[in-house]
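Heads up, the thing below is written out as structure tokens.
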Amino acid sequence: MTEALPHVFAPLTLAGHTMRNRIAMAPLTRQVAEPDGSPTDEMVAYYARRARGGCGLIITEGTYQSDSHACRAYLSQPGIVTEKQVAGWARIADAIHAHGAKAILQLMHGGRVVDPHCLAPGQQAVSASDTHSQGWVLYSDTNYEAEIRGITGPWPKVTFNPARALTVAEIHAIADGFAEGAARAVAAGFDGVEIHGANGYLLYQFIHTSTNFRTDAFGGSAANRVRFARLVCEKVRAAIGKDKIITLRLSQDGVDDFGGAWAGGVATAREIGAALKGAEIDALHWSSFNYADNRDPASGVPMPTALREASGLPMIVNGGIAQGAEAEAAIASGAGDMVAVGRPIFANPDWPQMVRSGHPVDLMPFDRKYVIKPPLDYSYAYPADYAAPAW
Ligand SMILES: Cc1cc2nc3c(=O)[nH]c(=O)nc-3n(C[C@H](O)[C@H](O)[C@H](O)COP(=O)(O)O)c2cc1C
């Protein structure tokens, strides 16, 4: 059935790594690592199962790369800091490769939206500027979830603490932390890393004008606001070399601002794209829940299209792609060179093979609690009653 989706089922090469098709599994945080941040057996099975489902690339869940600078964002988030964590990720990278997919590890720093439970006593969250997110930690609001996490105290709504602005020296130190984490990811066997500049976390807080009020070289113009992300990518490149993949993920909205929009709309996307031209990045990755929804009343151009054109970089486009035809259209329209599919692949590990067969896919009602503690064996599939697939 390849002929039906010729753009999707064509190989793509990034940094010398050829992926068997243009389907990436989008990063999905599940918070199921050991309390010390080590990947579990269940995580190995979960990723292996999705690699076996046929995607070309797996982008892991957001992973903390440093024990300093208040990097860790969530309880039970995996890290890539200790030898034990690296050994756990090595098993995941091997399992993904064994099923023919490439694998990159997503590195993140939570910035101002770190769960206060992850801060050391007296430690303050950090950000671009002195700000205080009015959002709350994204656990589902069930007592059940509090129970499985062993959390007592303010529940279910855990709010964020005020954050302080980073110094320039700290910005460089955090960028070094990303580079060290990237080197450990490569040592674990990953084909590269994704730098998380999206969804409300630290690098996003620099890029977004609603959280960056700096007047130095890291604030103001689009070029200044992406300077931190570019610096991270440069240091990561120096650490892992040209033959490993570096992607940079961007978004308008964040975990504490789901309606978030870039103030200048598509024009801002073009400025940011231009500011990233020539950066040490093999592909950008647009994160959204609907890639065509640009939230710009003045333009109908999807953000990933504008970013791709202005940067000259390949684009992985994500958001609301649930059917094969939608994946094909996303690539054929010029919004991206590859699609990243999150909830559908989470729910249906065989999504790539399903769409290849022409089978329609239901985007089932998504309940975050299934991400956290699935009632079924996650090496198998989504714990939903999938009405007798006919193939
Ligand atoms: C439970 C859950 C966890 C997520 N975790 C991450 C993450 O760790 N890193 C990231 O960049 N995006 C994360 N996202 C965003 C997804 O990668 C993706 O952008 C979103 O699900 C929309 O794509 P989809 O329509 O294909 O699901 C998460 C989304 C969900 C629903």
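Remark: spin-label model distance residue 13-residue 357 equals 3.2 nm, labels positioned 7 Å along the Cα→Cβ axis.
Heavy atoms of the protein chains alone define the surface here; on that basis the chain has 37 Å² accessible area per residue at 1.4 Å probe size.
Would you compute, from DSSP H runs of 4+ residues alone, the mean residue ellipticity of the chain at 222 nm, taking -39500 (n - 2.57) per run and dividing by the full residue count, rounded to the nearest 500? Display every interim value, and only then the final one.
Values: 13 runs with 125 residues, N = 391.
Here the helix-only value at 222 nm equals -9500 deg cm²/dmol.
How long is the gain from residue 94 to residue 216 if the chain were fully straight, where each residue apart is worth 0.36 nm and the alpha carbon distance is subtracted?
Values: separation 122, 0.36 × 122 = 43.92 nm, distance 4.33 nm.
Contour length minus the Cα-Cα distance gives 39.6 nm.
The heavy atoms of residue 233 present about 0 square angstrom of accessible area, all protein chains included, probe 1.4 Å.
Shown are 9, 289, whose ranking by accessible area with a 1.4 Å probe and every protein chain present, most to least, is 289, 9. Name all residues of the range 35-65 having a backbone nitrogen under 18 Å from the label point set 7 Å from the Cα of residue 87 along its Cα→Cβ direction, giving them as ranges. Flagged as within label range: 35-45.
Amide H contacts of residue 81: 86, each under 5 Å away and 5 or more positions distant or on a separate chain (H built 1.01 Å from N in the peptide plane; Pro and chain starts excluded).
Gain in length, residue 170 to residue 234, computed as 0.36 nm per residue apart minus the alpha-carbon separation, to one decimal in nm?
Working: separation 64, 0.36 × 64 = 23.04 nm, distance 1.63 nm.
Taking residue 170 through residue 234 to full extension adds about 21.4 nm, to one decimal.
Among the protein heavy atoms of the range 2-372, carbon and sulfur supply 53% of the accessible surface, probe 1.4 Å, non-protein parts ignored.
Under a 5 Å amide H cut-off, with hydrogens placed 1.01 Å from N, residue 40 pairs with 34 among residues at least 5 apart or on other chains.
What is the gain in length, in nm to one decimal, between residue 295 and residue 123 on full extension, counting 0.36 nm per residue of separation less the C-alpha to C-alpha distance?
That pair, residue 295 and residue 123, stretches by 58.3 nm at full extension.
Pairs of Lys residues in the chain, spaced 8 or more positions apart or belonging to different chains, with C-alpha separations under 26 angstrom: 14 in total. Rolled with a 1.4 Å probe across the full set of protein chains, the surface gives residue 14 an accessible area near 10 Å². Placing dummy labels 7 Å off each Cα toward the beta-carbon, the span from residue 263 to residue 4 is 4.7 nm.
The values are calculated or read from the model by the stated rules, or taken from the named source; none is laboratory data. These numbers were taken from a predicted model, which means no experiment stands behind them. FYI the Cβ positions are ideal-geometry reconstructions off the backbone, even for glycines, and counts take in every protein chain you see. What goes into the accessible areas is simple: the full protein's heavy atoms, side chains included, and nothing from ligands, DNA or RNA. Shrake-Rupley method; radii C 1.70, N 1.55, O 1.52, S 1.80 Å.
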